[in-house]
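S.K.: So that we are looking at the same thing, I have put the structure below in structure tokens.
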Amino acid sequence: MKILVLNGPNLNMLGIREPEIYGKTTYDDLVRTVEGYASERGIEVCCLQSNCEGELVTFIQNAYRKYDGIVINPGAYTHTSIALLDAVKAVGIPTVEVHISDPDTREEFRKISYIRLACVATVKGKGIGGYLEAIDILTKKETL
């Protein structure tokens, strides 16, 4: 199984940006954790991050026929990007939305998620452990 793990804007600033909300784990720590977890389960992962919406769309489009699942934390694009929604719908790859914090307990605008409409599940408020749960969800989906 091959899973693409995508991270949107400001996720590269993990450990620096608002550690009281996002924790002190760095982006490099996140990637190492995801790669180790996947490796132990015989899953191939590719972790990518971009601050640019169009680049994230391209990553999703390039996943077509190459990946069995996508884990995506779109960051702020969660609340604004119909382009990411359309890209996930276009490729038809099972996708799980992940958020380190729980957007539903934060500002009102963060409660809107466009990408959720194309996802098989959402994991929120579980820190970087949410990425591991998302991988598990995709693995179970693959066996159904």
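The values are calculated or read from the model by the stated rules, or taken from the named source; none is laboratory data. Being a predicted model, the structure only gives us computed values, none of them experimental. Ideal geometry is used to build each Cβ from the backbone, glycine not excepted, and the neighbour counts take in all protein chains shown. The accessibility values were calculated without ligands, DNA or RNA, using every heavy atom of the protein model including side chains. Shrake-Rupley method; radii C 1.70, N 1.55, O 1.52, S 1.80 Å.
S.K.: What does the accessible area per residue of the chain come to in Å², with a 1.4 Å probe and no ligands, DNA or RNA counted?
M.R.: Here the per-residue accessible area is 49 Å².
S.K.: For S39, S50, what's the largest-to-smallest order of accessible area, 1.4 Å probe?
M.R.: Ranking S39, S50 by accessible area, largest first, yields S39, S50.
S.K.: Take every Cα pair under 8 Å in the chain that's 6+ residues apart, average their separations, divide by the length, and report that relative contact order as a whole percent.
M.R.: RCO, the chain: 26 percent.
S.K.: Check the straight Cα-Cα distances from K24 and name the lysines below 20 Å, setting aside those fewer than 8 residues away within the same chain.
M.R.: Leaving aside lysines fewer than 8 places away in the same chain, those within reach of K24 are K124, K126.
S.K.: Right, another one. Ignoring ligands, DNA and RNA, how do E20, E35 rank by accessible area with a 1.4 Å probe, largest first?
M.R.: Reading off the accessible areas and sorting them downward yields E20, E35.
S.K.: Where the accessible area of the range 30-139 is counted over protein heavy atoms with a 1.4 Å probe, how much of it, in %, is carbon and sulfur?
M.R.: Working: 2550 of 5050 Å².
Here carbon and sulfur together make up 51 percent of the probe-accessible area.
S.K.: Excluding residues fewer than 8 places away in the same chain, name every one of the lysines whose C-alpha is closer than 17 Å to that of K2.
M.R.: Output for K2: K66, K140, K141.
S.K.: In addition: Apply the Debye scattering formula to the chain, with a single equal point scatterer on each alpha-carbon and no solvent, then give log10 I(q)/I(0) at q = 0.11, 0.13, 0.19, 0.20 Å⁻¹.
M.R.: Evaluating at q = 0.11, 0.13, 0.19, 0.20 Å⁻¹ gives log10 I(q)/I(0) of -0.35, -0.50, -1.13, -1.27.
S.K.: Given R₀ = 25 Å, FRET efficiency for N62-R116 by Cβ-Cβ distance, to 0.05?
M.R.: The pair N62/R116 has a calculated efficiency of 0.65.
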